[in-house]
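Read the structure below first, then the notes.
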Amino acid sequence: MVLLAVGLTLLIRGLVIYFDSDAFAADPDAYRVIAKTLRQSGVFGLTGADGSTRAIAFRPPLYPWLLSICMPGGQVSRLAVAGLHLVLAALTACFVFLATRHFAAQLRASSYRVGGGDRLGLAAVVLTAVDPILLRQSVEVMTETLAATLAAAVVWLWSGWSAAAVTSTRRRGSIFIPLGIGVFLALAYLCRPTFLVWAVLLVIATPLRFQNRRGLQSAFVIASVVALAVGGWTWRNSRVLGHPVWATTHGGYTLLLANNESFYRYLSDGQFGQAWDATSFLNAYAHRYEGDPREAAFWRRDWTGTPNYDAAVSEFDDDRLCYESAVATIKRHPSVFAWSMVVRVGRLWSPFPHAVAGRSTPAALAVGSFYVALSVGVIVTIVRHRRRVFGSRWWAVWLLAITLTGVHAVYWSNLRMRAPIMPAIAILAVCSVVGKQPADD
């Protein structure tokens, strides 16, 4: 059944990659150019027109490092990148399949005791393989595919750890499960700094789950591994940039993108049901060195002409400027900021993508219908199994949902930002067919 699950995943994702002529052609987040510099010079950074390299912390390091392996001769190989994404998809399928078996066993549906968990696992894998967000991102040079794999790995280990703790005292004290959770959380943090919030919540949750000395020891193991990753990345940035950047120097921009005068005017005018036209914001942002973007007057100017970039400004200082500009906007419009949080959370979890130019209406309706059906499945699971579905075995799923919701309530948000949790959502949805059980023994 595991092989069947992996095979179906590879078939579905492989066909999408094969028939998409634009697969891996774009590089919207500059991961490819960073990977190329890393491959050719060993520097995590960018290469200038004169061939000189500049170390950066604009993006997290894990995905570009993996991409650099897919660059024989220093040039990107679309076949190699496709292979990387297919391997990640296969791993995700394994983690989803195994995690679903753990959850199905805990729900104890009599009709699923013999092979039922495997059938549910296969269904969850198929839902993950055809998930529109993950399917779209599987042909993009972006982090969603990797992030979903790492999140699924943590959910699998956490769910299995709970099962081991209930059934075996010897396995309960094992260091390997918390060590594995710590390693995958550390890798997830190096893929997307947002995962650090999830890691902190899981560290706090671990002693609450076990409520004994072993729980504290396990929490210490997880925290130590994650701290090594955070410390290593921060030390590297302090050494090459002169500042102890623990995340990236891109956070200020994503905060400003979500909290600027143009976007707030759009919300105040009641246009939040439509796609925001960010042209005026992007024009002003490009001229941010020609005025003070912390002032409201800066964003009201009609900026034209070629932007005047200040080469002397470091990426750290530029990030700080974006943060300060966003915070200044929030302070000027606290009520709009509160409403914008509601809008961003709604967009994060909305089943339907925005109607924008070039997007097919039938395709948008198909995507929305898929997510409506998935949401119904999740709701049925929660209603049927409310006594169990919020138990400790499920905490990793709920804490990831809280993490994504909390972070993207403040930072920029859209459907794509929920990609890491979609495998777990698929698991929740398929558990809706498990029959309701009587009260606990």
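We did not get these values from a lab; they are worked out from the coordinates using the rules stated. What you are looking at is a predicted structure, and each value in this text was computed from that prediction instead of being measured. Neighbour counts are summed over all protein chains in view; Cβ atoms, including those assigned to glycine, are modelled from backbone coordinates with ideal geometry.
Some observations on this one:
- Phi-based couplings in Hz for segment 274-291 (Karplus 6.51, -1.76, 1.60; Gly and Pro marked x): 9, 6, 6, 8, 8, 4, 5, 5, 5, 5, 5, 4, 5, 9, 5, 8, 9, x
- FRET efficiency for the residue 320 to residue 30 pair, using the beta carbon distance and R₀ = 25 Å, is estimated at 0.75.
- The residue 105 and residue 224 beta-carbon pair, evaluated with R₀ = 25 Å, returns a calculated FRET efficiency of approximately 0.25.
- Gaussian network model of the chain, springs between alpha carbon atoms under 10 Å - residue of 50, 318, 302 with greatest fluctuation: 50
- Average Cα contact separation per residue, the chain, under 8 Å, 6 or more apart, as relative contact order %: 19 percent
- Cβ-derived FRET efficiency at R0 41 Å, residue 352 paired with residue 1, nearest 0.05: 0.75
- Computed extension gain for residue 372 through residue 77, at 0.36 nm per residue and net of the alpha carbon distance, reaches 102.5 nm.
- Evaluated with a Cβ-only charge set (Lys, Arg +1; Asp, Glu -1), the chain carries a dipole of roughly 1900 debye about its Cα centre, given to the nearest 20.
- For the chain, the longest principal axis of the Cα atoms and the long axis of helix 315-332 meet at an angle of about 80 degrees.
- Per-residue Karplus couplings for segment 236-245, computed as 6.51 cos²θ - 1.76 cosθ + 1.60 with θ equal to phi - 60°, are listed in order as 4, 5, 5, 6, 9, 10, x, 9, x, 6 Hz, Gly and Pro entered as x.
- Across segment 12-161, Cα pairs under 8 Å and at least six residues apart give a relative contact order of 29 percent.
- Extension gain, residue 295 back to residue 8 (0.36 nm per residue minus Cα-Cα distance, nm): 97.9 nm
- Nearest-ten-degree value, helix 144-167 long axis tilted from longest Cα axis of the chain: 30 degrees
- Along the axis of the charge dipole computed for segment 313-441 (Cβ charges of +1 for Lys and Arg, -1 for Asp and Glu, origin at the Cα centre), the listed residues 360, 338, 429 are led at the positive end by 429.
- Normalised by the number of residues in segment 254-332, the mean separation of alpha-carbon contacts (under 8 Å, six or more apart) gives a relative contact order of 41 percent.
- Each peptide in 18-26, 205-213, 121-129 was scored by the mean count of other Cβ atoms within 10 Å over its residues; highest first, the order is 121-129, 205-213, 18-26.
- For the peptides 375-385, 69-79, 215-225, the ranking by packing is 215-225, 375-385, 69-79, with the highest mean count of neighbouring Cβ atoms within 10 Å listed first.
- Extension gain (nm, one decimal) between residue 414 and residue 19, 0.36 nm per residue minus Cα-Cα: 139.6 nm
- Sorted largest first, extent of segment 254-332 alpha carbons per principal axis (Å): 40, 27, 20
- Computed from Cα positions, the angle between helix 2-19 and the longest principal axis of the chain comes to roughly 30 degrees.
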